[in-house]
Amino acid sequence: PFSGGSYTREARDLLRLLNDKHASIKFELELPDSDGFLPILDLKVKINEDGRIERKLFAKMANKGITLHFQSHHPESVKHAVVMNEMRRATSYPTAEHQAEAVRRTQEKLISNGYPPKWVRWPTPHSKSTSRKEHRVKPVTSLRLPFISDHFNKSVQSILKKHNVPARLVNPRGYTLEKFLTRRINKKRQCPGRLGKCQALPICQEKNVVYSAKC
């Protein structure tokens, strides 16, 4: 049960009533902390005596603050999206009096994951609306190329724009470590090697082994 204000006794009575209904069904009661906040998912919520609700960001002790690292081999657009999503969460979820703290904690989290300080300023240039009316050729197809570098992407986009090619550059996900180390359950294939040693497939279907993947 959700309890706020001075209804602790009523909440405990309700908990006792629910738990007495059936021996195999047990409910739990979580009370607000010393500041009056109760953790709910990734927020802490407080109901004041006047009925006003306060919200602030919450992270469990086990949370290591890990997100996509800035040095990861991803396009800059993906990293900008990470920053915008994190900062929008910090400014839209908490109530006004707790937004400054949420922004500071989010900036610290991003910087600890390698993002330069200039990337985590808020609002960022990428957070502003980019819906300017420009006479551009609307892309009608996609040009799918593996991500090599941001410089390569900008060069390709420049060529497409220069020659008015109605195509949008897309970087599909490549052969990731996840794909290398996992296999679909319904895709059963036997290892062609001898003595269980795989020679043709990237991975054998052996269990309880440690894989050595060459870069």
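Quick note: the coordinates plus some simple rules give every number you see, no bench work behind them. Note that the structure is a prediction, hence the values are computed from the model and not measured. Positions of Cβ are backbone-derived with ideal geometry, glycine not excepted, and every protein chain shown enters the neighbour counts.
The table below lists the values:
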quantity	calculated
At most 15 other Cβ within 10 Å, DSSP loop - trypsin sites (Lys or Arg not before Pro), segment 26-98	LYS26, ARG52, LYS60, LYS64
Residue-span extension gain [LEU14 to ARG104] - 0.36 nm each, minus C-alpha spacing	28.5 nm
Set LYS46/LYS79; LYS44/LYS64; LYS44/LYS109; LYS79/LYS162 screened for pairs whose C-alpha atoms are more than 23 Å apart	LYS46/LYS79; LYS79/LYS162
Förster-model FRET efficiency, 35 Å R0, PHE152 and TRP122, C-beta, rounded to 0.05	0.75
Rounded to the nearest 20 debye, dipole of segment 1-104 from Cβ charges on Lys, Arg, Asp, Glu	280
